[in-house]
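Comments concern the structure below.
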Amino acid sequence: MRNIFLYFLLVSLTLTVAKAQVLDPVKWSTSVEKISETEYDLIAKAKIDRGWHLYSQDVPENGPIPTTFIYETGKDVEVIGNTIEEEGRTVDDPVFNMHIKFFEDAAEFRQRISLLNKELSIVKGEVEFMVCDDMRCLPPAYIDLEFDLTKARSVTGSAVSGSDGSNAIDFQDPNSKDASLVTSDDVGKAKVISNKSEQDSDNMGLWTIFILGMGAGLIALFTPCVFPLIPMTVSFFTKQSQNKAQGIKNAIIYGICIIVIYVILGTGVVAIFGASAINEFSTSVTFNLLFFLILVIFAVSFLGAFEIMLPQSWANKIDSKADRGGYTGIFFMALALAIVSFSCTGPFVGNIIVLSATSGGIAPMIGMLGFSLALALPFGLFAAFPGWLNSLPKSGGWLNTVKVVLGFLELAFAFKFLSQADLVLQLHFLEREVFIAIWIAIFGALAFYLFGKIKLPHDSPLTHISVGRLSLGLLVLSFTIYMIPGLWGAPLNLISAFPPPLDYSESPYGVGNSKTGGGFTSNETEELPEGAHLLAPHQILAFNDYDKGLAYAKEVGKPIMLDFTGWACVNCRKMEQNVWPNDQVLNMLKNEVVLISLYVDDKRKLEDDEVMESKLRPGKQLKYIGQKWSEFQTIRYKTNTQPFYALIGLDEENLNEPVGYTPDTQEYLEWMKEGVGAFEKE
């Protein structure tokens with residue numbers, strides 16, 4: 001019988017073949033730009049193979065592995081600020097329930113330094129990163145970088161990109177003295193919507209923010225603080241304009257002023273906090289808790305408990321300036337609209353800023369542009385063509401109903417922020433069942449309100465229910481009933497981006513359900529073999545250590561399924577959530593094989609007596625558990641992708657050909673049957 005570490009002794013025989021099959025989709029090169037006598041920009045460029053993507057430096061907690069740069073500074077070099085990266089592409093990942101930014105095709109990173117020792121010619125650094133494609137993720141890796149100051153290209157002012165002075169290094173050879181392994185946090189892969197260029201995807205993200213902003217602006221029009229102001233605005237321009245042409249001109253200027261005011265607000269947010277800081281805020285616990293409280297306050301206000309208003313003195317001062325007439329008066333009229341309507345538009349503005357903050361950059365400005373355009377367009381049109389007012393519905397109790405409905409929605413969305421903070425801190429305070437129960441209560445109460453069974457302050461007497469209100473009530477009630485099975489483990493695909501994931505729950509199968517499908521049950525934890533645990537939500541007996549799993553397999557006389565995986569590997573989770581629950585597959589995993597899951601991104605340190613030198617990159621030590629399993633997979637199976645499955649016998653030889661990502665359940669089942677059948681024939 002051979003031990004796992006004996007495989008490392010075979011590396012001299014297998015390394016040539018391994019290199020031919022081990023993937024290396026990212027090539028790094030370095031260059032330097034001289035800003036002044038003492039300041040330089042260190043530039044690291046990543047060339048990414050088509051179909052692969054490299055993650056940003058700013059990745060939310062519990063998300064994929066971020067790209068991280070470390071520079072050797074000491075007494076010779078001082079680092080100025082943070083490493084600057086390109087805008088990249090941001091997607092809403094359905095597995096992690098968060099916005100994740102990554103790069104395709106190429107990426108450039110810049111770090112400004114101050115040279116304290118003018119005799120220094122080389123600055124050394126290291127980049128740790130991870131890449132994925134649609135089918136797999138590679139284990140963490142990190143590369144040594146060298147920046148040759150003697151080849152620096154002189155530039156003036158802010159650093160600009162250029163190819164001169166490039167110090168390209170090919171890191172494809174794993175034996176290169178410039179290559180090394182990396183470690184990092186949880187591994188994952190964002191779902192790629194398309195394979196467009198980076199610029200196209202950035203524009204698509206901004207267009208999405210713009211459209212959402214416009215939608216919020218259109219909804220804000222039908223609130224009690226905004227809708228009644230339309231006829232007042234028309235009256236103002238009717239009195240101020242001497243003829244129709246002047247009225248149209250003033251109306252256009254009025255609309256532009258509204259847009260300018262709100263865009264200035266978005267610009268101010270970016271200017272005060274900075275684009276990168278906004279993105280960091282959006283992924284922090286403090287940010288999520290703060291906006292949970294803000295949205296709850298806005299929700300309670302919309303429900304009629306109190307009014308949120310800016311100081312009345314502001315409105316009075318602005319109103320007095322609006323009487324001046326001319327362009328100045330029109331501008332202050334628009335500013336008065338923004339202040340007076342703040343109690344209704346404030347929550348929309350806040351939500352847009354929160355949403356756009358996750359994209360960073362100029363997204364808050366784009367969001368405010370969309371919001372203000374939708375808000376300004378009707379005011380400008382009705383001011384230019386006052387006769388259209390006759391087609392508008394009359395103000396009344398329906399406006400308060402709109403406001404109350406929005407209040408319920410604000411309250412529901414607030415718990416998404418609280419849930420995100422709870423997930424990051426792993427407090428298990430707001431687990432999946434609790435979150436779904438809260439949403440059932442909120443939307444159930446909204447349904448009762450729409451049916452007239454609940455009365456709130458400022459509601460007008462309800463003598464009958466309109467067809468529209470009844471239809472909306474039935475829709476909300478249907479949605480509420482739809483969520484109830486979620487308490488018993490239903491995936492709730494319609495709202496999968498909102499509640500915590502299935503494994504973040506009191507019971508993996510929902511309230512009151514202890515389904516296991518055979519094998520070990522949750523109350524048998526005390527009887528588990530040494531080193532074993534139950535893998536939720538399927539309650540599969542699993543090992544995370546090769547030797548302990550092998551010893552147990554020999555004890556019970558079962559074949560072994562090696563599962564090379566990552567803590568946040570998207571396709572690994574897809575296999576576990578979509579393929580493994582199949583009755584036949586699950587039965588084989590529980591009863592016919594011993595599952596050994598080896599996490600190539602496990603950040604836990606090896607014991608001192610287990611630390612070893614890497615066979616793939618001499619001179620580098622394997623210090624982390626994930627590094628050991630990653631190198632084991634690379635040497636033995638000549639591949640470094642996850643997920644990767646291998647069925648082996650008690651002699652540690654393959655029973656059949658290993659497979660990677662296999663979303664076809666029947667194909668995966670046949671593969672398992674083939675391997676188990678081969679074991680039984682031995």
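The values are calculated or read from the model by the stated rules, or taken from the named source; none is laboratory data. It should be emphasised that the depicted structure is a prediction, and the values quoted were computed from it without experimental measurement. No Cβ is skipped: glycine too gets one built from the backbone with ideal geometry, and neighbour counts run over all protein chains shown. All accessible areas refer to the heavy atoms of the entire protein, side chains included, with ligands and DNA or RNA removed. Shrake-Rupley method; radii C 1.70, N 1.55, O 1.52, S 1.80 Å.
Of the numbered criteria (1) closer than 25 Å to Ala551 by Cβ; (2) assigned to a loop (DSSP other than H, G, I, E, B); (3) in contact with a Gly (Cβ under 9 Å, 6 or more places away or on another chain), the one Thr639 fails is (1). Would you be able to say whether some residue in the stretch 444-452 is over 19 Å from Val296 (Cα atoms) and at pLDDT below 90? Yes, the stretch 444-452 has at least one match. Picking from residues in the stretch 594-607 that are out of contact with any Pro (no Cβ under 8 Å at 6 or more places or on another chain) and at pLDDT below 80, the one that is least open to solvent (accessible area, probe 1.4 Å) is Asp602. Being aliphatic (A, V, I, L, M) and either at pLDDT below 75 or surrounded by fewer than 19 Cβ atoms within 10 Å (Cβ to Cβ) (or both) is true for just one of Val300, Val263. Which residue is that? When all the criteria are applied, what remains is Val300. Taking the criterion of being open to solvent by less than 50 Å² (accessible area, probe 1.4 Å), closer than 25 Å to Val155 by Cβ and at pLDDT below 90, would at least one residue in the stretch 41-55 satisfy it? Checked the stretch 41-55: no residue is open to solvent by less than 50 Å² (accessible area, probe 1.4 Å), closer than 25 Å to Val155 by Cβ and at pLDDT below 90.
Given the condition farther than 14 Å from Trp52 by Cβ, modelled with pLDDT of 85 or more and open to solvent by 40 Å² or more (accessible area, probe 1.4 Å), answer yes or no: does some residue in the stretch 127-141 qualify? Within the stretch 127-141, not a single residue is farther than 14 Å from Trp52 by Cβ, modelled with pLDDT of 85 or more and open to solvent by 40 Å² or more (accessible area, probe 1.4 Å).
Note on the stretch 658-672: among residues that are in contact with a helix residue (DSSP H, G or I) (Cβ under 8 Å, 6 or more places away or on another chain) and surrounded by 16 or more Cβ atoms within 10 Å (Cβ to Cβ), the one that is farthest from Ala646 (Cα to Cα) is Thr665. Among (1) closer than 30 Å to Leu534 by Cβ; (2) of a type in the set (S, T, N, Q); (3) open to solvent by less than 40 Å² (accessible area, probe 1.4 Å), there is one condition Asn591 misses while meeting the rest; what is its number? Single failed check for Asn591: (3).
Of all residues in the stretch 434-451, those that are in contact (Cβ under 8 Å) with a residue 60 or more places away in the chain have Cβ atoms under 8 Å from Cβ atoms of residues that are buried (at least 22 other Cβ atoms within 10 Å of the Cβ), 6 or more apart or on another chain, in Phe435/Ser419; Phe435/Pro499; Ile436/Gly486; Ile436/Pro499; Trp439/Pro499.
Among the residues of the stretch 414-430, are any farther than 30 Å from Phe287 by Cβ, polar (S, T, N, Q) and part of a helix (DSSP H, G or I)? So far as the stretch 414-430 goes, no, none of its residues is farther than 30 Å from Phe287 by Cβ, polar (S, T, N, Q) and part of a helix (DSSP H, G or I). State whether the residues of the stretch 655-670 include one that is within 21 Å of His533 (Cα to Cα) and out of contact with any strand residue (DSSP E or B) (no Cβ under 7 Å at 6 or more places or on another chain). There is no residue in the stretch 655-670 that is within 21 Å of His533 (Cα to Cα) and out of contact with any strand residue (DSSP E or B) (no Cβ under 7 Å at 6 or more places or on another chain). Checked against the criterion of being farther than 30 Å from Pro491 by Cα, modelled with pLDDT of 75 or more and assigned to a loop (DSSP other than H, G, I, E, B), the stretch 2-21 has no qualifying residue.
Here's the yes/no breakdown for (1) over 27 Å from Pro499 (Cα atoms); (2) at pLDDT 65 or above:
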position	(1), (2)
Gly350	no, yes
Met368	yes, yes
Leu392	yes, no
Ala414	no, yes
Glu433	no, yes
